[in-house]
Amino acid sequence: MHAPWTIVIVLHAVIATSTLVLGTFNAIRTVRGDTIHRAVGRIWAYMMLFVSISGLFIIKTHEPIDIFLGGLALWTIFSICAGIYNARRGDINAHKAFMLGSYFGLLGAFIGVIVVPTRLVPSWFLYQPILMTIITICIVAVSGLLVSLLIKTNGRPLVKSK
């Protein structure tokens, strides 16, 4: 029997997948610093912090992969905070370095979670391939819709505050 998904693991997986889509969008965009970049970046940073913190609650073993992912989560929390701090003080090179480092760490964690057969994602793709494929497509589609909405509104909020 394959391991069950807890609510923390589900939220972690869904938000991590969405974060991967948003991070890729901002990383490959050539325009930097505009309202779209900042809006996507803010959402991405909040999501990265959630993924990192929730990841610390998922770790249950002392296997090397879990120790590595725990360390990566702690480093990512620091790195995202440092990236935000540097953007606010105008040090764009440091901001870029911290954010791209976090993005590549996310890619590395994603690869680790996918290729290690004892992780939930590969085992569930093995036992429930159609369901997992549909879920993955839905997550990527919703993330793409969010990016499309941000582009359409030029990164401005959809609802005006009073």
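The values are calculated or read from the model by the stated rules, or taken from the named source; none is laboratory data. Since the model is a prediction, treat every value here as computed from it, not as a measurement. FYI the Cβ positions are ideal-geometry reconstructions off the backbone, even for glycines, and counts take in every protein chain you see. Just so you know, the surface numbers come from the protein's heavy atoms only, side chains and all, with ligands and any DNA or RNA stripped out. Shrake-Rupley method; radii C 1.70, N 1.55, O 1.52, S 1.80 Å.
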## Note on the structure
Helix-only [θ] at 222 nm, the chain, -39500 (n - 2.57) per DSSP H run of 4+, per residue, nearest 500, equals -27000 deg cm²/dmol
### Message
Among the complete DSSP H segments of the chain, which ones combine at least 18 Å of alpha-carbon extent along their axis with a mean Kyte-Doolittle hydropathy of -0.5 or more?
### Response
7-28, 35-58, 64-88, 92-115, 129-152
### Task
Pop a pseudo-label 7 angstrom from the Cα along the beta-carbon direction at both Leu107 and Thr153 and give the gap in nm to one decimal.
2.9 nm
### Message
Quick one: the Cα spread of the chain along its three principal axes, in angstroms, biggest first?
### Response
50, 32, 31
### Query
Can you tell me the accessible area per residue over the chain, all protein chains present, probe 1.4 angstrom, in square angstrom?
63 Å²
### Message
Given Cβ point charges of +1 (Lys, Arg) and -1 (Asp, Glu) and nothing else, what value in debye, to the nearest 20, does the dipole of the range 30-106 about its Cα centre take?
### Response
320 debye
## Note on the structure
By the C-alpha gyration tensor axes a ≥ b ≥ c (rounded if a/c is under 1.5, else prolate when a/b exceeds b/c, else oblate), the shape of the range 47-94 is prolate
### Task
Could you check how much of the accessible area of the chain is carbon and sulfur, as a whole percent, using a 1.4 Å probe?
74 percent
### Task
Quickly work out the Tyr127-to-Ile7 label distance, labels modelled 7 Å from Cα along the C-beta direction, and quote it in nm with one decimal.
2.2 nm
